[in-house]
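Structure first, then comments.
Every read-out reported here was derived from the displayed coordinates using simple, explicitly stated rules and does not represent laboratory data. Bear in mind the structure is a predicted one, so any value in this text is a computation, not a measurement. Quick reminder, even Gly has a Cβ in these numbers, built from the backbone with ideal geometry, and neighbours come from all protein chains shown.
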Amino acid sequence: MTDPRASGRFHIADEDAIRSGRVTDVYFLRGRDVLRSEGADAAVVAEVRTTGFPRGWSWAILAGLDEAISLLEGHDVDVEAMPEGSAFLPEEPVLVVSGRYLAFGILETALLGFLCQASGVATVAARTKAAAGGKPVFSFGARRMHPAIAPMIERSAYVGGCDGVAAVASGEEIGIEPVGTMAHAVILILGEERAWRAFDRTMDPAVPRVALVDTFQDEKFGALSAARTLGDRLAAVRLDTPSSRRGDFAAIIREVRWELDRRGHEDVRIFVSGGLDEEDVAALRDAADSFGVGTSISNAPVVDFALDIVEVDGEARSKRGKLSGRKTAWACPDRHDRGVIPASDPLPACPVCGRPGEALLEPVLRAGRRLHEPETPQTVRARALSQAATASDGEGQPVGGPY
């Protein structure tokens, strides 16, 4: 291992450190040594679940599963999990590991880390996309996080519902072209009109001409100036107005829209960014056409998953406050109701529509071997968008419950 006191290096764990269990809480290593000394390598069943969500969320989106499965792959364990992108409720097991404890115990810290942070980011992305009423939302938050995890952050934002990501490596990870507009630095160096013309002259024709219009002047006059400068080539104006200058941001956007339309620029869209969150997007969605959302997504609160042993050598056993025994989550195909039952019980019929319930957990690893190829981010995103749309009723409360 690299000397931690050395300078001139990034303070990150490499893939080998994660896979080998060196990125773990030390008590797991001590526990491993104790169990080995006692010759006690029990067959266990362990569930990943959470007892509740931050900020009063009634549901969340599962993300980070692809990395979690990659971590467990090659270890002698069986794994069942909800598909990545699934909406889930508190108390529902989202992943179940079966096997000898020493086969996976020291991986708990990394396993939970993969799932907790990615699911938080994906959930805020899904909620923000819903708040936008179907209008495009782009992830602009890579600069707020450690660069080593930027691709993970933006992949999670994308699979949760964002329409695009900004960082180059993130786009490569997902398999899409990154999106972006124009840097303030270019305008500060060149001035607005010169910067707009140079961008138009330099960029590939496939890159939309989105002019940043509020670096020096009022948003309305900046938008009209950009429209005069670029004419029909102008696709959109971007308002990145700082909160200290906004006043009523919705009114500013409506004023820009009015003036552009009055001068024949109805096709020029209005793209807004700058410290926006879910509530801001909901408030602005009738005025703006698309949104760049950064810190509120990339710095999303984590989903506080725990990995709990619920069965030891075939006996239902758990610590205080946890329900013992292997369980499964089920749902009505139309999501009228859902719940958690002992895995040995038959799946119930939906009490609302009478249709047979469906198991939400699917086998993904057998004896450490993948049972199917990883899904594409696009497939995961489609699932998240679909399930987020049906995860709550009109009052934001969960449909059905875990029991």
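For the reader, a short list of remarks on this structure follows.
- Per-residue Cβ neighbour counts within 10 Å put M182, M82 in the sequence M182, M82, beginning with the fewest.
- Antiparallel %, DSSP beta bridges [both residues in the chain], to 5: 70
- Amide H contacts under 5 Å for V364: V79, E80, A81, restricted to partners 5 or more places along the chain or on a different chain, H placed in the peptide plane at 1.01 Å from N.
- Over all directions, the projected convex hull of the C-alpha atoms in region 71-194 averages 10.5 nm² in area.
- Between region 234-297 and region 57-129, the Cα center-to-center distance that results, in Å: 36
- When only alpha carbons of region 180-298 are considered, Rg and Dmax amount to 13.6, 38 Å.
- Within a Gaussian network of the chain (alpha carbon springs, distance under 10 Å), most fluctuating of A126, A42, A166: A42
- Put simply, the amide H of D337, placed in the peptide plane, has neighbours under 5 Å in C332, leaving out anything fewer than 5 places away on its chain.
- Our Cα-only numbers for region 258-374 put the radius of gyration and Dmax at 23.9, 75 Å.
- In Hz, Karplus ³J(HN,Hα) per residue of region 269-284 (6.51, -1.76, 1.60; θ = phi - 60°; x = Gly, Pro): 7, 10, 10, 10, 7, x, x, 7, 10, 4, 5, 4, 4, 4, 6, 9
- Here the Karplus curve 6.51 cos²θ - 1.76 cosθ + 1.60, taken at θ = phi - 60°, turns the phi angles of region 311-316 into couplings of 8, 10, 6, x, 9, 5 Hz, with x standing for Gly and Pro.
- Computed over the chain, the per-residue total of -39500 (n - 2.57) for DSSP H runs of n ≥ 4 gives a 222 nm mean residue ellipticity of -10500 deg cm²/dmol, rounded to 500.
- For region 344-358, 3J(HN,Hα) per residue [Karplus equation, 6.51 cos²θ - 1.76 cosθ + 1.60, θ = phi - 60°, Hz, x = Gly/Pro]: 7, 7, x, 5, x, 7, 5, x, 8, 10, x, 6, x, x, 10
- For A60, residues with placed amide H under 5 Å, excluding near neighbours: F88
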